[in-house]
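The values are calculated or read from the model by the stated rules, or taken from the named source; none is laboratory data. Source: prediction; values computed, not measured. As a convention, Cβ positions derive from the backbone with ideal geometry for all residues, glycine included, and neighbour counts pool all protein chains shown.
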Amino acid sequence: MTNFLARLLLPFAIWFAHFSISYGATTLLCSTGQETGVHRTVMVLATVLAVILLIATLATSVRVLKSRPDRIAAAAATGLAVIAVIWTSLPAVLLDACS
């Protein structure tokens, strides 16, 4: 049961780390006067890294978990976390964050 719970919460922990890095980078880069291109590059790299980690999490969860409902729950949690990561990064990529 603990393995299942950890596998269910890990995608949301990855999203939370991405969320924290996104807003931390925005604050840091805007306070130092960096240009928008640097901010967008950091956001794209953080988003790509988070999505890669989520795909790896999904692959290991599907391989490790035994029952079908557990696999479906882990896949749903990962899917929600991927949507959350992309949703978090869209404003930073599409808009000028420091204006």
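At a glance:
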item: From C30, C98, residue being outside any loop (DSSP other than H, G, I, E, B) and modelled with pLDDT under 85; result: C30
item: Single unsatisfied condition, A84 versus (1) within 15 Å of W15 (Cβ to Cβ); (2) of a type outside the set (S, T, Y); (3) modelled with pLDDT under 85; result: (3)
item: Scope the stretch 62-73; condition surrounded by 12 or more Cβ atoms within 10 Å (Cβ to Cβ) and assigned to a helix (DSSP H, G or I); matching residues; result: V62, V64, D70, R71, I72, A73
item: Residue pairs meeting the criteria (Cβ under 7 Å; at least 6 apart or on separate chains; first over 20 Å from G79 (Cα atoms), in the stretch 13-39; second at pLDDT 85 or above and not in a helix (DSSP H, G or I)); result: none
item: In the stretch 74-91, residue surrounded by the most Cβ atoms within 10 Å (Cβ to Cβ) [restricted to those that are touching a Phe, Trp or Tyr at 6+ places or on another chain (Cβ under 7 Å) and not small (G, A, S)]; result: V85
item: Qualifying position, being within 17 Å of P91 (Cβ to Cβ) and basic (K, R), among R71, R40; result: R40
item: Some residue of the stretch 42-61 being surrounded by fewer than 12 Cβ atoms within 10 Å (Cβ to Cβ) and not aliphatic (A, V, I, L, M); result: no
